[in-house]
1. With all distinct Cα pairs included, what does the Kirkwood hydrodynamic radius of segment B:34-78 come out to in Å, to one decimal, could you say?
2. Which whole-number percent is the relative contact order of chain A (Cα, under 8 Å, 6+ apart)?
3. Using DSSP, restrict attention to beta bridges with both residues in chain B and report what percent are antiparallel, rounded to the nearest 5.
4. Going by amide H atoms built from the backbone, whose H comes under 5 Å of the H on residue B:156, apart from near neighbours?
5. Name the shape class, rounded, prolate or oblate, that the alpha-carbon gyration tensor gives for segment A:89-151, where a ≥ b ≥ c are the square roots of its eigenvalues, rounded holds for a/c under 1.5, and otherwise prolate holds if a/b is larger than b/c and oblate otherwise.
6. Please report Rg (one decimal) and Dmax (integer) in Å for the Cα set of the protein assembly as shown.
7. Taking each residue of A:32-44 in turn, how many C-beta atoms of other protein chains fall within 10 Å of its C-beta, and what is the average?
8. Need one value for A:132-140: mean number of C-beta atoms belonging to other chains within 10 Å of its residues' C-beta atoms.
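All of the numbers you see were taken from the coordinates with simple rules; none came from a lab. Just so you know, these numbers come straight off a predicted model, no measurement behind them. With ideal geometry, Cβ positions are generated from the backbone for all residues, glycine too; neighbour counts draw on all protein chains shown.
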Amino acid sequence: MLEKGATAPDFELNATPDQKIKLKDFKGKNVVLAFYPADWSPVCSDQMALYNEMLKYFNKYDAQIFGVSVDSVWCHLAFEENRKLHFPLLADFEPKGAVSKAYGVYDEELGESKRALFVIDKEGKIAWSYLSPIAVNPGADGILDALEELNKK
Amino acid sequence: MSTLKPEVNNQDHIQGDDSASVTIVEFGDYQCPYCGNAYPIMKEIEETFGHQIKFIFRHFPLANAHEFAFPAAIAAEAAGLQGKFWEMHDALYENQYRLSGELFDELAETIGLDLEQFQQDSTSEEIKSKIEDDFDSGVRSGVNGTPSFYVNGTKFDGGATDLYQMLKESAE
C-alpha cells in the first residue's frame, strides 16, 4: 500500500459511461480516494452514504472525493441513483483492479479493492493513507484530520 | 481507538442518573431501521441496569438516504424546547414503520405539545444548527454508521444487543 510521501499514481477511470476522470486534472485541489470492496452494502453502515452527507466538509477543505471499486459504470450508476449519491464513483473495471493494484490495495483472493483511504495533496503527493479491515467502515475522522493538517500548511 | 468529541455536555439530551457509572451515547437516525431495532433494546438496558446507566442521544441523520431523518430530528428537538424531547424520541421510534411528513404534528398532539409553538420551533435555525453540531460531533468521533454507541467516551464496537451482553457480563 502506498504511504505518505509517495507520488499518487495517475489514472483515468470512468465515472459514467461517457465521462472519464483523470487524477492529474485535479492538481491544485486536494483529492480523497476511498477504495471499497463493492457497491450495495446496507445503507446505514455504508461508507459512501456517510461521505455523501459530508460533501460540504470536503468542499470546505477544497477537496474532491472519489469512491473507487471494481464494479462497472452501470452498477455504479444504479447505486448512485438508488442512494442519491452526489459525488463520483469510479469503475476500476478494465483491466480489473488496475488502479487498486497501483495503489497497493487490491485483494487478489476476493477480486475486489480493499477498504482503503488516501488523501492526496494539491501537488499530487499522498499526504495520508489508511487500510481498514475489510468488514469495517473506517468512517471519516481520519480523512478530516488529514485534510485539516494540509490546510495548516 | 475513536473517542467521543466533544464529551457529554449541557447541550445534550440526557436520560438517567447523574451519578451513573456507565454513560452510553448513541448516534442515531430516526429513519434508520437498525436504530429502530436498537430502540427497544436500549429501553431494556435502561430498565435492567437502572441507576447505573446514563443515556444520551445525538442526531446523525443520513439525510440523502433517509428523507425523513432530518425532519424527524427537528421534531424531536422542537419537542425538546417544550421539555418533551424523550417523549418525541420514543414516539418517533415507536411509529418508525409509518414515518411520513404528516406524522410529526400528529405525534406532537399525542404527546401534548402546544402545536402552534411546535410548528413555529420546527422552522428555527437554532434547531437546525444543533442537529448539524450533533452530526459534526459524530463525524469527528469516528461514527461510521447508525447506530453508533460510545461507552464512557470510547467507541463501542458492536450493536445494541452486544452492548446489552457486555453490560450483563460486566455486572456479573
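1. Radius from the Kirkwood sum: 12.2 Å.
2. Over chain A, the number comes to 32 percent.
3. Among the beta bridges of chain B, antiparallel pairing accounts for roughly 65 percent.
4. Correct list: B:149, B:150, B:151.
5. oblate
6. Taking only Cα atoms of the protein assembly as shown, I get Rg and Dmax of 21.1, 62 Å.
7. Partner Cβ neighbours, averaged per residue: 2.
8. 3
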